[in-house]
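To keep things clear, I will list the structure first and then write my remarks on it.
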Amino acid sequence: MQQAFLTYLFDTLGLKQTDSALLAVSGGVDSMVMLDLFCRAGLKTEVAHCNFGLRAEASNLDEVLVRAYCAEHNILCHVKHFKPLEYAKEKGMSMQMAARELRYAWFESLRKQQALDFLATAHHLEDSFETAMLNLVRGSGVKGLKGIVPKTGNLIRPLLFAHKREIVDYAQLNAVEWREDESNASDKYKRNFIRQEITGRLSELNPNLLNTFRHSSGLLALESDFIEKSVADFEKKHLIKERGEWQISLAVLKETHDAILFRLWARFGFSGEEVKRMLSSDDFQKGKKLENKAYQLCVGHTHIHVLEKREGEDFEILLEQAEGQWGTPFGILKLEMQDKWPEKEDLIRQDLAFLNLDKLDFPLKLRAWKQGDRFQPFGMRGTKLVSDFLIDQKVPMHKKDKVCVLISDEEVAWLVDMRIADSFRVSPVTEKILRLEWIEKVES
């Protein structure tokens, strides 16, 4: 196995004898064998061990084993204690996801701090097969069905060529100590269910199942890489980023293969099937949109727009006085009093508003517009819903959520950057005029 490891390390993963690696070592048989193989290979190596304290004294004994091996072989060992249950509760995620997020963040930080070339984890062939099966159950495409890839940036999996049985045999033959995690024998977790219930049954159909998967995984990886390159070429040619949002022509989308588009939408966290259904409907031009935690996808008349959500967009600010400036997620509002009639060119600027100060009831309120907001636009008879006014003004769907209103005593005085309300208008005989200037936030 030592020779197979070296071949995989230098030929498949492309490492050089001068490269260095941080090894993620838990104390289990997989990572202890990886550590032993690296030690025999003579590469510069350091070890990172996470103690999550989830198995009481057993977690501490894992740490003792890793420390002892490193001390015996003169390897620098880094140990960090975590509290994943507290982190999971704080972040609202599962304990398993919390532990994964904590350890990988620490691994990468430590790798950079120690100026090491690679981070190595001890995933093996069965791990890759189980990952592919999980992704299949979740409805993954080619990218997920290829399983675990040998190398992702600075992250390498140098045991991915090996069967679990080969790893255990190596440990026993070379007297490599390891500790068993009793949770590996439980069917509580999905991965263990596949390991215990699925792999064996499929092996009855194909005794060479894992080697067949390894071959198929390589082919799928090639196809996935080809699609990924096609997506990158598509983005470079057709994805326009303008003022903090991404735009793609609807005409271009109609001519683009779903394999590219589905991968593209996945980068923003959207289901390709869901976006396709929306674009295929008869009324998609009417401003439909999809949302997730990070992005909003809006369909316009000629383009589809993807906007990154930002914290604080559902804001409300009180303006206690008639002078000063206030920042918002979408721009800055400046207020000042003036006692003379505005210049003609200022009166026609949308970013300026001139209101009758005597009609305003402080504190004013500045917020994003809401469904149900109504006002009487200057120059019009009767009131109008803000939503209807925005439609009449042909405001694009992706810009509607950034429209603000200035409120005086629960009445809209100014649809910011667009139109004042008629009841707050000024005239040449108005004695006190409030000048408002809106400076829109320009995003890179």
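Quick check on this structure: which one of A56, A68, A41 is in contact (Cβ under 8 Å) with a residue 24 or more places away in the chain and among the aliphatic types (A, V, I, L, M)? Walk me through it before giving the result.
Working: A56 fails: in contact (Cβ under 8 Å) with a residue 24 or more places away in the chain; A68 fails: in contact (Cβ under 8 Å) with a residue 24 or more places away in the chain.
After ruling out the rest, the residue left standing is A41.
Would you say A251 is over 23 Å from the mean Cα position of the chain (by Cα), assigned by TED's automatic domain parsing to the domain that holds S280 and of a type in the set (G, A, S)? Full working, then the answer.
Working: over 23 Å from the mean Cα position of the chain (by Cα): yes; assigned by TED's automatic domain parsing to the domain that holds S280: yes; of a type in the set (G, A, S): yes.
Yes, satisfied.
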(message) I'd like the residue in region 325-343 that is surrounded by fewer than 14 Cβ atoms within 10 Å (Cβ to Cβ) and farther than 29 Å from V429 by Cβ and, out of all such residues, is modelled with the highest pLDDT.
(response) I332
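Does T212 satisfy being modelled with pLDDT of 90 or more and in a loop (DSSP other than H, G, I, E, B)?
No.
For region 390-436, what are the residues that are over 16 Å from L360 (Cβ atoms) and more than 35 Å from the chain's Cα centre (by Cα)?
Within region 390-436, D392, R419, P428, V429 meet the criteria.
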(message) Any residue at all in region 145-153 that's exposed (fewer than 15 other Cβ atoms within 10 Å of the Cβ) and at pLDDT 90 or above?
(response) yes
(message) Suppose we filter region 352-389 for residues that are under 35 Å from the mean Cα position of the chain (by Cα), outside any helix (DSSP H, G or I) and hydrophobic (A, V, I, L, M, F, W, C); how many remain?
(response) 3
(message) Could you go through region 162-184 and let me know if any residue there is surrounded by 15 or more Cβ atoms within 10 Å (Cβ to Cβ), basic (K, R) and out of contact with any Ser or Thr (no Cβ under 9 Å at 6 or more places or on another chain).
(response) yes
(message) Just checking, does region 2-13 include any residue being in contact with a strand residue (DSSP E or B) (Cβ under 9 Å, 6 or more places away or on another chain) and not in a helix (DSSP H, G or I)?
(response) yes
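Residue-wise test of (1) touching a residue at least 24 places away in the same chain (Cβ under 8 Å); (2) basic (K, R).
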| residue | (1), (2) |
| --- | --- |
| I194 | yes, no |
| R214 | yes, yes |
| D225 | no, no |
| K241 | no, yes |
| I248 | yes, no |
(request) Mind listing whichever residues of region 140-166 are among the aliphatic types (A, V, I, L, M), in contact (Cβ under 8 Å) with a residue 60 or more places away in the chain and part of a loop (DSSP other than H, G, I, E, B)? (result) V149, L159, L160, A162
(message) Checking K241 against (1) modelled with pLDDT under 95; (2) in a helix (DSSP H, G or I): exactly one of these is not met. Which one?
(response) (2)
(request) Looking at (1) out of contact with any helix residue (DSSP H, G or I) (no Cβ under 8 Å at 6 or more places or on another chain); (2) surrounded by 11 or more Cβ atoms within 10 Å (Cβ to Cβ); (3) at pLDDT 90 or above; (4) part of a loop (DSSP other than H, G, I, E, B), find the lone condition where A322 falls short. (result) (1)
(message) Out of the residues in region 253-310 meeting the condition of being among the basic types (K, R) and closer than 20 Å to A368 by Cα, tell me which one is modelled with the highest pLDDT.
(response) K293
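The values are calculated or read from the model by the stated rules, or taken from the named source; none is laboratory data. From a predicted model like this one, the values you see are computed outputs, not experimental measurements. Positions of Cβ are backbone-derived with ideal geometry, glycine not excepted, and every protein chain shown enters the neighbour counts.
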